[in-house]
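So the structure is just underneath, and the comments pick up after that.
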Amino acid sequence: MIIVIGAGPAGLAAAEAAARNGSEVALIDSASRLGGQYWRHRSTVTGYRSNRADLLFAKVKSAESITYISEATVWSIERDGDLIRVNYLQGGSESSLTAEKLILATGAYDRSLPFPGWDQPGSMTPGAAQALLKGHGVLAGQSIVVAGTGPFLLPVATGLAQAGAKVVGLYEAHSPMRWLLSPQALLLNVSKFAELIYYAGLIRKYRIAPRFGRVVSRFDKGQVTITSVNSSFVLKRNRAQTFEVDVVAVGWGFLPDLTLGGIVGCKERVDVDGTTIFEVDADQLSSQKNVWIAGEATGIGGADLSLLEGEIAGLSASSQKISSHLRFARFRKQVFADALKRSYPVKDGWRSWAEKSTTICRCEEVSLSEIEESVAELGAEDSRTAKLFTRAGMGLCQGRICSRNVSEIVAGLTKCSVTDEERIASSNRPIAAPIALGLLGDGKK
């Protein structure tokens with residue numbers, strides 16, 4: 001048996017590919033419907049090239065050798081000799097499944113940067129605004145600002161506008177001219193121009209005005225402040241405007257979900273943009289025997305790359321041939337993913353946005369001043385020590401949101417760089433999801 005964890009683009013492609021030769025596949029996902037975060041929906045998937053989702057859903061559902069386990073949260077994985085046991089929670093009960101091979105397709109989540117008011121009602125990530133709309137048909141607000149960096153802002157802004165929201169502004173921190181740094185990526189992925197034209201048409205239709213070199217620098221009781229930034233993300237204080245909105249949806253790209261791969265012991269490395277990812281070979285095989293990883297956990301690259309990586313992982317895990325055409329297609333998308341990193345980097349100047357009272361760790365309500373005190377008065381020389389002094393990163397999310405921010409803030413205060421070892425360590429957690437002590441202690445496997 002092959003267990004696939006995650007039913008987004010990478011996981012679906014992996015399960016479908018592995019089942020082509022009749023291999024038995026168990027597809028486990030925490031959501032109630034196929035699609036993951038990218039293809040989240042209530043009844044049908046909408047948006048650019050949404051037909052891909054329908055075709056893949058149909059193939060997975062019709063494959064007799066695929067067992068789909070929904071609303072199941074994996075909390076741990078362990079080795080049992082040559083077998084791999086996946087422990088998960090479903091309907092308030094603990095269950096487990098054992099297989100010879102495992103494919104991890106755990107996806108990613110929005111990256112947030114702290115600014116005054118980012119923890120206030122009405123402030124959320126673009127992914128959260130889109131999840132409310134796609135998953136529940138709920139508009140986060142009637143007047144919305146979408147801001148941050150990266151191409152994900154386009155489908156969020158246009159999707160909200162299509163649903164009836166007034167998108168007051170679309171603010172990208174970078175200049176689109178940065179794409180001139182990556183001519184090869186554009187030449188190898190000419191289909192991306194069609195996608196750009198698609199969203200440009202929607203932006204024009206709904207009269208959304210994109211603005212570049214600007215960020216949300218403050219949000220307080222419905223008042224949003226938009227400020228220009230230089231190429232290092234340092235605010236130009238004399239170039240700011242304030243107006244009223246219901247919601248600000250601000251995101252800075254994505255962070256891969258590495259928890260399960262870390263529990264298994266898969267080798268990690270730090271990407272060129274400082275993001276921790278898993279190291280895999282040409283067949284998406286990790287450093288651990290019979291564990292493949294596909295999608296955003298091997299490097300943020302979008303749905304197109306995730307689909308290709310998932311297919312390769314599924315074919316490899318089921319001992320099927322992988323064509324040179326498929327490998328070249330993945331190469332082209334990897335070149336584009338590298339271009340995304342060059343075009344939308346998160347610069348260190350963001351650390352100057354926060355005020356002393358700004359909350360950095362929302363779970364434990366740790367402010368910037370407390371982190372500064374841990375360095376200046378208590379002698380913290382790295383983020384781990386600062387976290388011990390302040391409890392930053394020790395709340396319910398276990399540092400998924402704030403760990404990287406804390407590390408980079410401390411690095412700025414100590415005039416030191418964040419080491420690769422520190423970045424990798426802050427990405428790992430011994431337990432993937434909360435579990436009740438009663439369930440943990442009942443002896444079930």
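The values are calculated or read from the model by the stated rules, or taken from the named source; none is laboratory data. As the structure is a computational prediction, the values presented were derived from the model and not from experiment. Ideal geometry is used to build each Cβ from the backbone, glycine not excepted, and the neighbour counts take in all protein chains shown. Surface areas here come from the heavy atoms of the whole protein model, side chains and all, with no ligands, DNA or RNA. Shrake-Rupley method; radii C 1.70, N 1.55, O 1.52, S 1.80 Å.
Look at the range 310-325: where a residue is within 18 Å of GLY22 (Cβ to Cβ) and a partner is polar (S, T, N, Q) and surrounded by 11 or more Cβ atoms within 10 Å (Cβ to Cβ), sitting 6+ places away or on another chain with Cβ atoms under 6 Å, you get ALA313/GLN284; SER318/ASN21; SER318/SER23; GLN320/ASN21.
Of VAL375, VAL406, all but one fail to be more than 25 Å from LEU255 (Cα to Cα), part of a helix (DSSP H, G or I) and touching a helix residue (DSSP H, G or I) at 6+ places or on another chain (Cβ under 9 Å); the exception is VAL375.
Looking for something within 23 Å of the chain's Cα centre (by Cα) and among the aliphatic types (A, V, I, L, M) - is there at least one such residue anywhere in the range 199-208? Walk me through it before giving the result.
Of the range 199-208, the ones within 23 Å of the chain's Cα centre (by Cα) are 199.
Still in the list and also among the aliphatic types (A, V, I, L, M): none.
Looking for residues that are within 23 Å of the chain's Cα centre (by Cα) and among the aliphatic types (A, V, I, L, M), one finds none in the range 199-208, hence no.
Within the range 32-40, is there a residue that is of a type outside the set (Ser, Thr, Tyr), in a strand (DSSP E or B) and more than 20 Å from ILE293 (Cβ to Cβ)? Outline the logic, then answer.
Within the range 32-40, the subset of a type outside the set (Ser, Thr, Tyr) is 33-37, 39-40.
If we keep only those that are in a strand (DSSP E or B) as well, we get none.
Looking for residues that are of a type outside the set (Ser, Thr, Tyr), in a strand (DSSP E or B) and more than 20 Å from ILE293 (Cβ to Cβ), one finds none in the range 32-40, hence no.
Condition check for TYR68 on (1) open to solvent by less than 70 Å² (accessible area, probe 1.4 Å); (2) aromatic (Phe, Trp, Tyr); (3) part of a strand (DSSP E or B): one failure, at (1). Within the range 315-330, the set of residues being open to solvent by less than 90 Å² (accessible area, probe 1.4 Å), among the hydrophobic types (A, V, I, L, M, F, W, C) and either assigned to a loop (DSSP other than H, G, I, E, B) or more than 16 Å from GLU100 (Cα to Cα) (or both) comprises ILE322, LEU326, ALA329. For the range 13-24, the criterion of being free of Cβ contacts under 8 Å to residues at least 12 places away in the same chain, within 30 Å of LEU439 (Cβ to Cβ), of a type outside the set (S, T, N, Q) and in a loop (DSSP other than H, G, I, E, B) is satisfied by no residue at all. GLY395 is checked against (1) under 25 Å from VAL250 (Cβ atoms); (2) open to solvent by 30 Å² or more (accessible area, probe 1.4 Å) and fails just one. What number does that condition carry? Single failed check for GLY395: (2). Whenever a residue of the range 255-284 is on the phi > 0 side of the Ramachandran plot and open to solvent by 20 Å² or more (accessible area, probe 1.4 Å), its partners that are at pLDDT 95 or above and in a strand (DSSP E or B), lying with C-beta atoms within less than 9 angstrom and at least six residues away or across chains, give the pairs GLY265/VAL291.
In the range 127-150, the residues that are without any contact (Cβ under 8 Å) to a residue 24 or more places away in the chain form no Cβ pair under 6 Å with any partner that is crowded, with 23+ Cβ neighbours inside 10 Å, whether six or more places apart or across chains.
Would a scan of the range 342-357 turn up a residue that is in contact with a Lys or Arg (Cβ under 6 Å, 6 or more places away or on another chain) and part of a loop (DSSP other than H, G, I, E, B)?
If we filter the range 342-357 for residues that are in contact with a Lys or Arg (Cβ under 6 Å, 6 or more places away or on another chain), which is where we start, we get 343.
Now drop any that are not part of a loop (DSSP other than H, G, I, E, B), which leaves none.
Looking for residues that are in contact with a Lys or Arg (Cβ under 6 Å, 6 or more places away or on another chain) and part of a loop (DSSP other than H, G, I, E, B), one finds none in the range 342-357, hence no.
Among the residues of the range 332-365, those that are under 26 Å from ASP273 (Cβ atoms) and free of Cβ contacts under 8 Å to residues at least 40 places away in the same chain comprise GLN334, ALA337, CYS363.
Among the conditions (1) buried (at least 22 other Cβ atoms within 10 Å of the Cβ); (2) among the hydrophobic types (A, V, I, L, M, F, W, C); (3) closer than 22 Å to ARG214 by Cβ, the only one that LEU102 does not satisfy is (3).
None of SER343, SER318 is over 26 Å from PHE254 (Cβ atoms), among the hydroxyl-bearing types (Ser, Thr, Tyr) and modelled with pLDDT of 95 or more except SER318.
Let's see how each residue does on (1) of a type in the set (Lys, Arg); (2) touching a residue at least 40 places away in the same chain (Cβ under 8 Å); (3) closer than 24 Å to ILE293 by Cβ:
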site	(1), (2), (3)
THR44	no, no, no
ASN51	no, no, no
LYS59	yes, yes, yes
SER65	no, yes, yes
TYR68	no, yes, yes
LEU97	no, yes, yes
GLU100	no, yes, yes
ARG111	yes, yes, yes
PHE115	no, yes, no
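Condition check: part of a loop (DSSP other than H, G, I, E, B) and in contact with a Ser or Thr (Cβ under 7 Å, 6 or more places away or on another chain). Does PRO121 satisfy that? Judged against the criteria, PRO121 is not a match.
For the range 178-194, the tally of residues that are within 20 Å of SER231 (Cα to Cα) and open to solvent by 50 Å² or more (accessible area, probe 1.4 Å) stands at 3. Among the residues of the range 14-35, those identified as open to solvent by less than 10 Å² (accessible area, probe 1.4 Å) and out of contact with any His (no Cβ under 9 Å at 6 or more places or on another chain) are ALA14, ALA15, ALA17, ALA18, VAL25, ALA26, LEU27, ILE28. Considering the conditions (1) open to solvent by less than 10 Å² (accessible area, probe 1.4 Å); (2) in contact with an Asp or Glu (Cβ under 6 Å, 6 or more places away or on another chain); (3) free of Cβ contacts under 8 Å to residues at least 60 places away in the same chain, THR227 is excluded by exactly one of them, (2).
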